[in-house]
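Reading through the structure tokens given below for one structure.
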């Protein structure tokens, strides 16, 4: 079987003036710089032989995908829950200067096992769902290339599997 190409792209910079750990929370779109990043991605992939586009359901990923999809109007964009950000018990909280939230005893239980991790979705779970999403995207890339817009931790987990 010929090699298949799947581009795995992290969303652009997020508008987050309160420095909240936004995770899967709705309402976190791209900053002005993030929008510029997305536009550059659209330009970069404009001539790529893309045949399959997939995005996380979160706003910031879809906003990043928009210029890429605009450059390929013949393609629809699939939404795939498997490429969403990892769940995290600290979602919606601000760590504060010097990560003060982590210094509070009430946070320590969630930090007890960094290898699982105890504060959120287990790494093997993230790897499994990303692996499945990547396999589907590779299968769809028979006559071209696939592109997925996802999030930092799932991308790192996918890299650990590759």
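Taken together, the values in this text are just the output of simple stated rules run on the coordinates, not laboratory data. All values derive from a computational prediction rather than experimental measurement. With ideal geometry, Cβ positions are generated from the backbone for all residues, glycine too; neighbour counts draw on all protein chains shown.
The alpha carbon centroids of the stretch 101-142 and the stretch 146-162 are separated by 11 Å. Footprinting exposure proxy ranking of 146, 118, fewest other C-beta atoms within 10 angstrom first, gives 118, 146. For 104, 93, the sequence from fewest to most other C-beta atoms within 10 Å is 104, 93. From the Cα gyration tensor of the stretch 5-161, with a ≥ b ≥ c the square roots of its eigenvalues, which class applies: rounded if a/c is under 1.5, or else prolate if a/b is larger than b/c, or else oblate? It comes out oblate by the Cα gyration axes. Relative contact order for the chain: 35 percent, from Cα pairs under 8 Å spaced at least 6 residues apart, divided by residue count.
Taking the beta-carbon count within 10 Å as an exposure proxy, list 156, 108 from fewest neighbours to most.
Working: 156 15, 108 10.
Ranking 156, 108 by Cβ neighbours within 10 Å, fewest first, gives 108, 156.
Can you tell me how the stretch 1-70 classifies by the Cα gyration tensor, rounded, prolate or oblate, using a/c under 1.5 as the rounded cut? It comes out prolate by the Cα gyration axes. Listed peptides 62-73, 10-21 appear in the order 62-73, 10-21 once ranked by packing, highest mean of other Cβ atoms within 10 Å at the front. Cut-off 10 angstrom, C-alpha nodes, Gaussian network model of the chain. Which of 25, 58, 147 fluctuates the most? Result: 25 has the largest fluctuation of those listed. Per residue of the chain, what 222 nm ellipticity follows from adding -39500 (n - 2.57) for every DSSP H run with n ≥ 4, rounded to the nearest 500? So the helix-based figure for the chain works out to -11000 deg cm²/dmol.
I want the antiparallel fraction of DSSP beta bridges within the stretch 5-161, as a percent rounded to 5.
So the antiparallel bridges amount to about 20 percent of the total.
Rounded to the nearest 0.05, the FRET efficiency derived from the C-beta distance between residue 15 and residue 142 at R0 = 41 Å is 0.65. Taking 7 Å steps out from each Cα toward its Cβ at residue 132 and residue 115 produces label points 2.6 nm apart.
Length gained on full extension, residue 4 to residue 123: 40.3 nm, using 0.36 nm per residue less the C-alpha separation.
Highest mean packing first, where packing is the average number of other Cβ atoms within 10 Å per residue, the peptides 38-51, 123-136 line up as 123-136, 38-51.
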